[in-house]
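Below: the structure, in structure tokens.
The values are calculated or read from the model by the stated rules, or taken from the named source; none is laboratory data. Predicted model, so just to flag it, every value in this text is computed and none were measured. Quick reminder, even Gly has a Cβ in these numbers, built from the backbone with ideal geometry, and neighbours come from all protein chains shown. We work out accessible area using only protein heavy atoms, side chains counted, and drop any ligands, DNA or RNA first. Shrake-Rupley method; radii C 1.70, N 1.55, O 1.52, S 1.80 Å.
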Amino acid sequence: MEELEQKNLPTTDNEEEEIIKDSVATIMTPDFVKISKDHTVQDAFDFIRTEGKAKRTMYVCYVTDREDHLVGVISAKELLLASPDDMISDIMTTDVISVSEDADKELAAREIQHYGFLALPVIDRENRIVGIVPVDDALSVLKEENSEDFSILAAVTPSDTPYLETKPWRIFLNRLPWLLMLMISATFTSLIISAYEDVLLGLSVTLFACIPMLMDTGGNAGSQASVTVIRSIALGETSPRNALKVLAKELLVALMLGIVMAAVCFAKLMLIDSLYSPMSPRVALTVSIALFITIMLAKIIGSMLPLLTKAIKLDPAVVASPFITTFVDALSLIIYANIALSLLN
């Protein structure tokens, strides 16, 4: 029997309240069909006819022993196809996937989504079944969690109140901290631009004019990688254990994207930009090389930062597009200026 558990770590009162609020116990229901492994199929049908009307679901029956321990599961279809004299213990499935009552409710919802269950049994520390999580409640949890993740991705503090019912001052308070944080972090980019402004302008006006393009492309490339990885983490497809596989995949993607983007950038500078401003092939090559390195760097940061955050038990969505863009902008500008100094000075 496979069970999903959470590690017991020391917690404060506030943390305990948060754990209780997010535990699977808050969404489970005690209205389920429970039958004994010592009963026959006929006994099971008699019990279902008597007690089934009050239960929330009858598609799956959970099998217990005399101490109420969860020992198996059997579907209504299997009962219908079995002989009335068959023992439940002989036809039940013993490989039961369950979740502990203090586990996170999102974990239970993801398991239901992953396996396509109609419900997931909930057990206590003694392996006694105490309830089930129906699929409709699991979908509600996933909808809530996805809405929260999208809010964080957009740099907005999540709110449980519908948008049209939310007061303007509450929206103001939800958005202000993120905007202040991003504004302050963006000052580092401004300081870097100021530090290298004279150098870039001294080498070529085109170098300075290409900064917005370089920063936008790097930010977009990093955002693509981060959103893909965060979604994969949320769906349970990726974890920090897969970091090397993710890195290898993103490096290959970045290599292909970087080559194409750099070639297109070089052609654009030489064929289009040169029509209204003199363009040196060395300047165009400098910008293209910097763009290639920026895309490679953005893909690495965008894919690895969410996994790193997940590994230290934080929400990967918190370090999504806005923060990744800030990191990529700062590093790409430093690399850009040093490449220009190396090739053009």
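Tabulated values for the structure
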{"read-out": "FRET efficiency, 1/(1 + (r/R0)^6) with R0 25 Å, evaluated for residue 140 and residue 239 via beta carbons", "value": "0.55"}
{"read-out": "Calculated FRET efficiency for the pair residue 276/residue 334, C-beta based, R₀ 30 Å, to 0.05", "value": "0.55"}
{"read-out": "³J(HN,Hα) computed for each position of region 228-244 - Karplus, 6.51 cos²θ - 1.76 cosθ + 1.60, integer Hz, glycine/proline x", "value": "5, 5, 4, 4, 5, 5, 4, 7, x, 7, 9, 9, x, 5, 9, 4, 5"}
{"read-out": "For region 234-286: rounded, prolate or oblate by the Cα gyration tensor [a/c cutoff 1.5]", "value": "prolate"}
{"read-out": "Surface accessible to a 1.4 Å probe, residue 137 within the full protein complex, Å²", "value": "40"}
{"read-out": "Three-way shape call for region 52-133 based on the alpha-carbon gyration tensor, with the a/c threshold at 1.5", "value": "prolate"}
{"read-out": "Potential lengthening between residue 102 and residue 38 on full extension [0.36 nm per residue; Cα-Cα distance subtracted]", "value": "20.1 nm"}
{"read-out": "Computed over region 186-250, the ratio Rg/Rh where both radii use C-alpha atoms and Rh is Kirkwood", "value": "1.20"}
{"read-out": "Spacing of the two label points (7 Å from each Cα toward its C-beta) at residue 173 and residue 185, in nm", "value": "2.3"}
{"read-out": "Percent carbon-and-sulfur accessible area, region 262-345, ignoring ligands, DNA and RNA, probe 1.4 Å", "value": "75"}
